[in-house]
């Protein structure tokens, strides 16, 4: 972890800082050294805590995951409401995995990671990353990998809509 002196906080590019706090009371523990009888031991203990500035939580990763789920549910409903489900199932899979929405998902998450990367790096480096930020990072990983893998398969023509049965 990044260590900084008490009076110099570690800051990101967006003026978000992590401050170190030392207590003003030094705790001394004294005793006799068991190996040498005429030697005293003194242990000094200092309490150190760390706190970070409050930051607004971005909802974009959760919104993108919701978009993926809603798109899947709508497409599944369209498939189930028709009798010719074989062709519509293929259209549904093609739309969910190879459609224009994948570029939108990838663009949204890339924008979020670019604008918030300094905060994530600061939180990881100083140990002040919150549970909500970890959930956002998990959503980002899911959406980025989902979109990137589907786009790579679509561009390599591995996934195609089979119109001939």
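Taken along the Cα-to-beta-carbon direction at a fixed 7 Å, the label points for residue 115 and residue 148 span 2.1 nm. In a fully extended conformation the segment linking residue 107 and residue 55 would gain 16.4 nm over its present Cα-Cα distance, using 0.36 nm per residue. When peptides 61-70, 32-41 are ranked by their average number of other Cβ atoms within 10 Å per residue, the highest-first order is 61-70, 32-41.
Quick one: length gained pulling residue 35 to residue 156 fully straight, 0.36 nm per residue minus the C-alpha distance? Each step should come with its number before you reach the end.
On the way: separation 121, 0.36 × 121 = 43.56 nm, distance 7.20 nm.
The span from residue 35 to residue 156 would gain 36.4 nm if fully extended.
With a Förster radius of 35 Å applied to the beta-carbon distance between residue 43 and residue 138, the computed FRET efficiency rounds to 0.25. Between residue 17 and residue 81, the C-beta separation translates, for a Förster distance of 45 Å, into a calculated FRET efficiency of about 0.25.
All of the numbers you see were taken from the coordinates with simple rules; none came from a lab. Small disclaimer: the values here were computed from a predicted structure and weren't measured. Don't worry about glycine lacking a Cβ; one is built from the backbone with ideal geometry, like all the others, and counts go over all protein chains shown.
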